[in-house]
Amino acid sequence: MIKNRTFLCMRILQILIGFVLFITAVGKLLDNRGFATVLNTYQTFNPDYTLALGLSVSLIELFLAAWLFLGSQAIVTAAFALLMHIAYTLWSFYHVRMGLKIDNCGCFGVFWARPLGMATVYEDLFMTILCSILLLIALKIKTQSIPHARKGVQ
């Protein structure tokens, strides 16, 4: 019974995180040039490469969303999602602390323009926490499925 609830929690988190990644990826892919313009406002990347960078980020998010929806390799997908959201959290926090004024953080491409601020950092931190929980649950399920892990190494 506990194993079923744990698995259900994992699937819910996979679908929730996958849905958020899917929405953000589609928002960016629908106007990749606009997203590249948003990336240029951060004044971090060479403008010659922001179109390719924007496309790469969007496709990685889309691929990761599909991987989460499928539910395969839960530990690997949770780890990738966690690393990505840690990077997003650090990225947004750094630019907020530097005082950079950005009208559109680019989280959802150009279709839901929201200013970069502490709210963005908290949202990224929340997603990081969800990904951490997903990874811990996936590791717990993996540990429970290994016979010697339950009985102790002999």
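What the table shows:
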item	result
Degrees between helix 118-144 axis and first principal axis of the chain (Cα, 0 to 90, nearest 10)	20
Relative exposure of MET84, MET98, judged by other C-beta atoms within 10 Å (fewest first)	MET98, MET84
FRET E, pair LEU136, GLN73, Förster distance 25 Å, beta-carbon r, rounded to 0.05	0.95
Förster radius 30 Å - calculated FRET efficiency between LEU59 and LEU8, Cβ distance, rounded to 0.05	0.50
For the stretch 63-154, fraction of C-alpha pairs farther apart than 15 Å, in %	67
Degrees, to the nearest 10: 74-97 long Cα axis against longest axis of the chain	30
By average C-beta atoms within 10 angstrom, highest first, the peptides 26-32, 136-142	26-32, 136-142
Per-residue ³J(HN,Hα) for the stretch 16-33, Karplus 6.51 cos²θ - 1.76 cosθ + 1.60, θ = phi - 60°, Hz, x for Gly and Pro	4, 5, x, 5, 4, 5, 4, 4, 5, 5, 5, x, 7, 6, 5, 9, 5, 5
Cα-centred dipole magnitude for the chain, charges only on beta-carbon of K, R (+1) and D, E (-1), debye, nearest 20	800
Projected label distance in nm at ILE129 and ILE15, using a 7 Å step from Cα toward the beta-carbon	2.3
Net +/- balance of residues flanking ALA81 in space, Cβ distance below 13 Å, scoring K and R +1, D and E -1	-2
For the chain, projected area of the alpha-carbon convex hull averaged over all directions, nm²	10.5
Cα pair count fraction exceeding 21 Å, expressed as % - the stretch 1-81	40
Structure-based [θ]222 nm, the chain - -39500 (n - 2.57) summed over DSSP H runs of at least 4, per residue, nearest 500	-25500 deg cm²/dmol
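Read-outs throughout are calculated quantities, based only on the coordinates presented, and are distinct from any laboratory measurement. As the structure is a computational prediction, the values presented were derived from the model and not from experiment. Neighbour counts are summed over all protein chains in view; Cβ atoms, including those assigned to glycine, are modelled from backbone coordinates with ideal geometry.
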